[in-house]
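Beneath this line is the structure, given in structure tokens, with notes to follow.
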Amino acid sequence: MQKTLIETLQAFVNAAFERAGYDTKFAAVRVSDRPDLADFQCNGLMGVAKSQKMNPMEAGAAVLDALDMEGLFEADFVKPGFLNFKATDAALRALVAASAADPRALAGRVERQKIMVDYGGPNLAKEMHVGHLRSAIVGHGLINLLAFAGHEVVSDVHLGDWGLQLGQLITQIEEVRPDLFEDEVLRPITMLDLQEWYPAASAKSKADEAFRDKARIATSALQAGDGRYMRLWQRIVDVSIASLRRDYNRLGCEFTYFYGESRYQEMLGPLVQSLEDKGVAEPSDGAIVIHLEEDTKLPPLMLRNSNGGYGYGATDLATIVDRLETDRPDAILYVVDARQKMHFQQVFLGMEKTGLLGDTQLEHTAFGTVNGTDGKPFKTREGGVMRLHDLMEEMHAAARKRLEEMGKLEGAELEKTAEQIAIAAIKFGELSHDRESNYIFDMEQFLQFEGKTGPYIQYTCVRIASLMENARAAGLEPSAFTEVSDGARGLVLTLDAFAAKLARAVETRKPSNMALHVYNLANATNSFYQSNRVLAEGVAPDLAASHLGLLAAAKGQLDLGLTLLGIEVPAKM
RNA sequence: GGACCGAUAGCUCAGCUGGAUAGAGUACCUGACUACGAAUCAGGGGGUCGGGGGUUCGAAUCCUCCUCGGUCCGCCA
């Protein structure tokens, strides 16, 4: 593994701080926010001065004196107490050489863990809509990043295929389409049907108490394994999963397991019973709950309601127990809406109290809600939710239109590329936002392919690839990067930041760190490309080959970064 | 009533453990295509970082109060 410039520099600075007798906690080196003055900076000397009650200038002089950077950096100590560093040409050349040889060379390694990512989490009988994008895209990006960083990753979609919602749906079908229960006339059920029945059932359940009771009874009957209900349920499952898989495939989301809540049904009774026997769970108002600590101010975790039905508190515990037994993960990440924060606090605390958890870490990798331009949860102009399928179609059509205008592609190739661009726009639009904050979904902005977008980054890759081809045709091949110019400096330093951004993305579970890095890299690449001609009159072959060498390194990292985000790079666009 | 999250340019968002002139994109204005691909690049205008107080040599960042949003608060998931 090749060390990055900043890692190398950090080691030098740490050593100097030690030699000067200062705590290395003050030695942190960062990318300079004043690129006109320096590549990297260390601000810790003012902290040293404070803690040692001395003048920062003295501390700076001491560190400067103790600093040995083997000719790779130049140091400068300025006014209030900033230690500025500039990488030498030799250091920049070495960095590009390593990155060009293998874009993965700069990435650091983590202590390998087995991490389970629970993402997706769609409910049956509902088609996916834009609200499902975040879990799908953030979750999938996270899987790629975690695996690339060296973790062993397994994933599970954790379908909402059980519980009252299904009881409601079945009750609704009983009322409007009793014929569907007759096995001999197996009429097909479509997503369109479910799309109609499900919201109706949900609304009726809120308004109509009699319906609600029937739905509860139906739920219990289903959970008890009633034959008629189970056969209907299975048909709903089949049609729903086909629809879900279609959308997930199109987004490129992969799952180790496509399990649902129903899988744990058999475990619920015995689990709750055993917890009751152990004294962890106890009766409360006719229900069975786990009381959480008083000082947490959390309500108790409900395991079984007063009707004898099991809720998702029990299901979530059973799911964890099952995962601990079968996969033995070191950590389970729940890529789930932030609105469920309290629920996960309850589940995690409840799980601890069972004594079954061991060393496994449970994390709620929460994300904010998707709002419309009015700041309220996203709705289309017609007031409904936008189907994910429709969003993808609209994006595809916009990309197709653009490609037709460009006139470089046609036929099947054009369609394939339009799809790659559409998915890139959607994914980057999602991934460039911090997952924890809410964000505003604006179709106008999604349809934008210029500026800070996925297609912009793809376009950068396509152009560099095209340049490489032209150069080869002209008899020019990339060589080692030797000609360090001011224009190249920014690009090299951006290449250097990859490892730190990757590490941060993995630590914080935020793919946005990588998304923004890839954008910065594309930006730096375009900037360099624009002002450093390769194939032009009067450009010396050595200089051109050196430029190509740098661009090759940039292209390698762009491709890698996009792959990690789950974004494909078209050959042409 | 309790708890959590948020408020940064007209709009959409970055800003890592407090640091040197608060950054992008978009929109607006200007310049660069007989093209190494203009889905690009270069430049310009635009900000009392929601408000008050505090800590500090130094605050968008930490503490506190207030205002305004959003979310959650035992038998839905």
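The values are calculated or read from the model by the stated rules, or taken from the named source; none is laboratory data. The shown structure was predicted, so the numbers you read here are calculated from the model rather than taken from an experiment. Ideal geometry is used to build each Cβ from the backbone, glycine not excepted, and the neighbour counts take in all protein chains shown. The protein model used for the area step is the full one, side chains on, heavy atoms only, and it has no ligands, DNA or RNA in it. Shrake-Rupley method; radii C 1.70, N 1.55, O 1.52, S 1.80 Å.
Numerical summary
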item: Residue list for segment A:396-413, restricted to those being open to solvent by less than 90 Å² (accessible area, probe 1.4 Å) and within 11 Å of RNA strand B (Cβ to nearest atom); result: A:Ala398, A:Ala399, A:Arg400, A:Leu403, A:Gly407, A:Leu409
item: Residue among A:His158, A:His140 that alone is over 23 Å from A:Val239 (Cα atoms) and modelled with pLDDT of 90 or more; result: A:His140
item: Some residue of segment A:123-140 being within 18 Å of A:Glu430 (Cα to Cα) and assigned to a loop (DSSP other than H, G, I, E, B); result: yes
item: Residue tally, condition open to solvent by less than 10 Å² (accessible area, probe 1.4 Å) and not hydroxyl-bearing (Ser, Thr, Tyr), over segment A:121-139; result: 11
item: Subset of segment A:273-296 (residues that are more than 10 Å from RNA strand B (Cβ to nearest atom), open to solvent by 30 Å² or more (accessible area, probe 1.4 Å) and assigned to a helix (DSSP H, G or I)); result: A:Gln273, A:Ser274, A:Glu276, A:Asp277, A:Lys278, A:Glu294, A:Asp295
item: Enumeration of residues in segment A:507-519 that are open to solvent by 10 Å² or more (accessible area, probe 1.4 Å) and under 21 Å from A:Ser466 (Cα atoms); result: A:Tyr519
item: Boolean, A:Glu568 is acidic (Asp, Glu), open to solvent by 20 Å² or more (accessible area, probe 1.4 Å) and within 11 Å of RNA strand B (Cβ to nearest atom); result: no
item: Selection within segment A:399-409 - within 21 Å of A:Val130 (Cα to Cα) and at pLDDT below 95; result: none
item: Listing of strands (runs of 3 or more DSSP E) fully contained in segment A:1-115 that carry 3 or more residues being more than 28 Å from A:Val506 (Cα to Cα) and open to solvent by 20 Å² or more (accessible area, probe 1.4 Å); result: A:73-78
item: Residue in segment A:7-16 that is within 18 Å of A:Val492 (Cα to Cα) and touching a Lys or Arg at 6+ places or on another chain (Cβ under 6 Å) present; result: no
item: Residue within segment A:530-544 that is open to solvent by 40 Å² or more (accessible area, probe 1.4 Å), in contact with a helix residue (DSSP H, G or I) (Cβ under 9 Å, 6 or more places away or on another chain), under 30 Å from A:Ala338 (Cα atoms) and not aromatic (Phe, Trp, Tyr) present; result: no
item: Residue within segment A:340-360 that is assigned to a loop (DSSP other than H, G, I, E, B), open to solvent by 40 Å² or more (accessible area, probe 1.4 Å), free of Cβ contacts under 8 Å to residues at least 40 places away in the same chain and farther than 23 Å from A:Trp162 by Cβ present; result: yes
item: Residue among A:Asp213, A:Asp156 that alone is of a type in the set (Asp, Glu) and surrounded by fewer than 20 Cβ atoms within 10 Å (Cβ to Cβ); result: A:Asp213
item: Checking A:Ile457 against (1) hydrophobic (A, V, I, L, M, F, W, C); (2) over 17 Å from the mean Cα position of the chain (by Cα); (3) away from RNA strand B (no atom under 11 Å from the Cβ), the condition it does not meet; result: (3)
item: Flag if A:Arg504 is within 13 Å of RNA strand B (Cβ to nearest atom), outside any helix (DSSP H, G or I) and surrounded by fewer than 22 Cβ atoms within 10 Å (Cβ to Cβ); result: no
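Yes or no, residue by residue, for (1) of a type outside the set (A, V, I, L, M); (2) under 22 Å from A:Leu493 (Cβ atoms):
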site	(1), (2)
A:Arg30	yes, yes
A:Asp33	yes, yes
A:Gln41	yes, yes
A:Gln52	yes, no
A:Ala61	no, no
A:Leu64	no, no
A:Leu67	no, yes
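A quick yes/no check of all residues on (1) without any contact (Cβ under 8 Å) to a residue 60 or more places away in the chain; (2) in contact with a helix residue (DSSP H, G or I) (Cβ under 8 Å, 6 or more places away or on another chain); (3) of a type in the set (Phe, Trp, Tyr); (4) part of a helix (DSSP H, G or I):
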| position | (1), (2), (3), (4) |
| --- | --- |
| A:Tyr198 | no, yes, yes, yes |
| A:Ser202 | yes, yes, no, yes |
| A:Asp213 | yes, no, no, yes |
| A:Arg216 | no, yes, no, yes |
| A:Ser220 | no, yes, no, yes |
| A:Met230 | yes, yes, no, yes |
